[in-house]
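K.L.:
Sharing a structure here in structure tokens format.
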Amino acid sequence: MLGEQEHLDQSIGTLLENSLVYSQNETIKVLAPVREYINGIGMNIQRGIAQLESFHVCWLKQLSGTTQEKQEQIQPHILNITKILNEQASSVSKTFDVKALDILTTFTKFYPLTLDILNNILNKSPELDETYKVELRFERLYMLTWLAMWQEAETEARGMEYSMKNDPKSHARVMKDLGEIYRLQNKFTEAAEMLTRAKNQFEEIGGQLEAAHCIQILAIIHQMQNKYTEATEMLTTAKYQLEQIGDQLGAAHCLRSLEQIYQMQSKYTEAAEMLTTAKDQFDQLGDQLGATQCLRSLGDIYLDQKKHIEAAEMLTLAKDQFEQIQSYLGVAECLRSLGRIHSVQANYTQAVALLSMAKDQFEKIENPLGVADCMYHLGVSYRIQGLYEDAKSAIADAAFKFQSLENPRMHYGGIFTDQHLYSEARREFEKAADIFASLGELQNEVEMCNNKLAYLDQLEQT
């Protein structure tokens with residue numbers, strides 16, 4: 001009925017034109033009378049199914065365009081594709097299509113479905129090549145981490161750490177990944193311990209590049225704890241090691257991280273110098289994304305310095321370049337910063353428009369933290385205008401979309417304070433303090449909440 005595979009598109013088109021099948025929700029369905037007729041004449045259904053399976057897999061491999069464009073093309077067919085791959089993984093007689101799985105793993109949107117395929121392969125395919133099996137386990141660990149499935153990720157990493165203890169390189173890799181899992185949960189003590197062990201093991205087996213990357217992550221941990229001296233020392237060490245082994249790109253990224261530390265300490269001159277040097281290095285290496293990220297960071301430095309005209313010019317230039325290289329995250333970040341500029345300049349209509357555009361872009365690329373941050377800044381803009389109900393709604397959305405984001409709680413408390421609703425304000429500041437305390441090792445933030453509560457005590461006594 002469908003003919004040979006190479007004419008499948010044409011055959012399906014003919015069936016549609018003759019009303020033998022119909023399209024619904026971007027899938028092809030067979031009319032009941034036609035299905036009965038086919039069954040009656042004894043068509044080899046299994047052969048037809050095999051052709052359709054082959055068609056979907058071949059189509060997946062031939063997709064072109066940007067990652068976002070390919071993801072949008074796959075979306076209507078993802079359930080069919082994952083069903084096919086799951087059946088291949090579970091079947092003794094079918095050969096699993098490794099390339100198709102490799103393609104799917106590049107799309108974070110499909111991670112929940114792809115994770116099921118990985119579980120199927122690892123659980124039901126004991127004959128897998130051991131090297132490939134190890135890589136699949138690392139892929140599964142990465143997906144669990146991306147999906148913030150912390151308990152499952154920790155369990156997987158611990159199991160991998162035990163099973164790979166006789167493979168020094170893989171063992172060091174999984175310790176590094178486990179350190180990252182702890183860091184992302186703000187478990188800084190456990191993270192630092194695991195990353196230090198990974199660094200030492202990488203150094204023992206000559207993995208200087210991987211050891212330097214561990215040092216970079218350790219520096220980020222110190223930075224998050226406001227230990228700027230230690231963070232600077234570590235990044236300087238990592239930069240030197242990367243330069244020694246010829247990784248100029250990694251060294252340039254260290255410069256960007258050093259710039260962030262200077263910016264957080266309001267050392268804007270030093271930060272700008274670092275960024276200029278890093279941008280020159282990215283340009284020399286042909287890394288347009290890295291160079292454009294430096295432009296965006298320069299715009300943010302100008303914003304912190306309240307140099308709004310210079311900031312807007314730099315961020316607009318960066319946004320245009322991000323659009324050219326199709327970096328949608330960069331575009332969203334620039335739109336968010338431009339919205340903040342208009343907000344502090346009291347251009348509220350433009351601010352809301354830009355922040356809403358940024359929010360939509362973050363939603364499109366499935367970045368929940370970016371969405372929550374935009375909602376937070378929209379709430380700030382509404383609060384400045386005295387639109388307290390709109391502000392509370394935006395801040396509540398931010399808190400809902402990213403439960404552990406502490407700033408919305410703090411700002412929600414500020415809104416109630418502005419409205420002289422001190423009991424409600426106290427409740428929000430106490431919730432924020434509880435969040436900080438539960439995350440661990442964020443004593444400065446807990447103290448900030450306590451200061452807000454002390455200020456409320458003063459207001460209630462006047």
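K.L.:
Filter the range 238-252 down to the residues that are in a helix (DSSP H, G or I) and among the acidic types (D, E) and list them by number.
P.N.:
E243
K.L.:
Just to be sure, is L122 within 27 Å of E69 (Cα to Cα), surrounded by 14 or more Cβ atoms within 10 Å (Cβ to Cβ) and of a type outside the set (D, E)?
P.N.:
no
K.L.:
Restricting to the range 342-361, give me the number of residues that are surrounded by fewer than 23 Cβ atoms within 10 Å (Cβ to Cβ) and within 25 Å of the chain's Cα centre (by Cα).
P.N.:
Summing the residues that are surrounded by fewer than 23 Cβ atoms within 10 Å (Cβ to Cβ) and within 25 Å of the chain's Cα centre (by Cα) in the range 342-361 gives 6.
K.L.:
Would you mind stating whether T232 is closer than 30 Å to K267 by Cβ, surrounded by fewer than 22 Cβ atoms within 10 Å (Cβ to Cβ) and modelled with pLDDT of 95 or more?
P.N.:
So T232 does not fit the description; no.
K.L.:
Next question, about the same structure. From the list S297, S266, S257, pick out the single residue that is outside any helix (DSSP H, G or I), among the hydroxyl-bearing types (S, T, Y) and touching a residue at least 12 places away in the same chain (Cβ under 8 Å).
P.N.:
Exactly one of S297, S266, S257 is outside any helix (DSSP H, G or I), among the hydroxyl-bearing types (S, T, Y) and touching a residue at least 12 places away in the same chain (Cβ under 8 Å), namely S266.
K.L.:
Can you find even one residue in the range 247-263 that is touching a His at 6+ places or on another chain (Cβ under 9 Å), surrounded by fewer than 20 Cβ atoms within 10 Å (Cβ to Cβ) and modelled with pLDDT of 95 or more?
P.N.:
Looking for residues that are touching a His at 6+ places or on another chain (Cβ under 9 Å), surrounded by fewer than 20 Cβ atoms within 10 Å (Cβ to Cβ) and modelled with pLDDT of 95 or more, one finds none in the range 247-263, hence no.
K.L.:
In this structure, does S297 turn out to be of a type in the set (S, T, N, Q), loosely packed, with under 15 Cβ neighbours inside 10 Å and under 23 Å from I341 (Cα atoms)?
P.N.:
no
K.L.:
State all residues of the range 33-71 that are among the hydrophobic types (A, V, I, L, M, F, W, C) and at pLDDT 75 or above; if no residue qualifies, say none.
P.N.:
Scanning the range 33-71 gives F55, V57, C58, W59, L60, L63.
K.L.:
Sticking with this one: Just checking, which of D287, D320, D283 is under 21 Å from Q361 (Cα atoms) and surrounded by fewer than 20 Cβ atoms within 10 Å (Cβ to Cβ)?
P.N.:
D320
K.L.:
Same structure, new question: Test D304 against the stated conditions and say whether it is loosely packed, with under 15 Cβ neighbours inside 10 Å and more than 29 Å from D397 (Cα to Cα).
P.N.:
no
K.L.:
Here is a further query. Is one or more of the residues making up the range 121-139 farther than 21 Å from D177 by Cβ and at pLDDT 85 or above?
P.N.:
No, because not a single residue in the range 121-139 is farther than 21 Å from D177 by Cβ and at pLDDT 85 or above.
K.L.:
Can you name the condition, by its number, that R197 falls short on among (1) charged (D, E, K, R); (2) over 23 Å from the mean Cα position of the chain (by Cα); (3) at pLDDT below 95?
P.N.:
(3)
K.L.:
Still on this structure, I have one more. Looking at M448, M357, M410, which is the one that is of a type outside the set (D, E) and at pLDDT 85 or above?
P.N.:
Checking each option against the conditions leaves just M357.
K.L.:
Related question: I'm checking my understanding of the structure. Among residues of the range 84-116 that are among the aliphatic types (A, V, I, L, M) and within 21 Å of the chain's Cα centre (by Cα), which one is farthest from I365 (Cα to Cα)?
P.N.:
Taking the candidates together, the pick is L101.
K.L.:
Conditions: (1) modelled with pLDDT under 65; (2) surrounded by fewer than 14 Cβ atoms within 10 Å (Cβ to Cβ); (3) part of a helix (DSSP H, G or I). P76 meets all but one. Number of the miss?
P.N.:
(1)
The values are calculated or read from the model by the stated rules, or taken from the named source; none is laboratory data. Everything numeric in this text was worked out from a predicted model, so none of it was measured. Every residue, glycine as well, gets a Cβ built from its backbone with ideal geometry; the counts of neighbours run over all protein chains shown.
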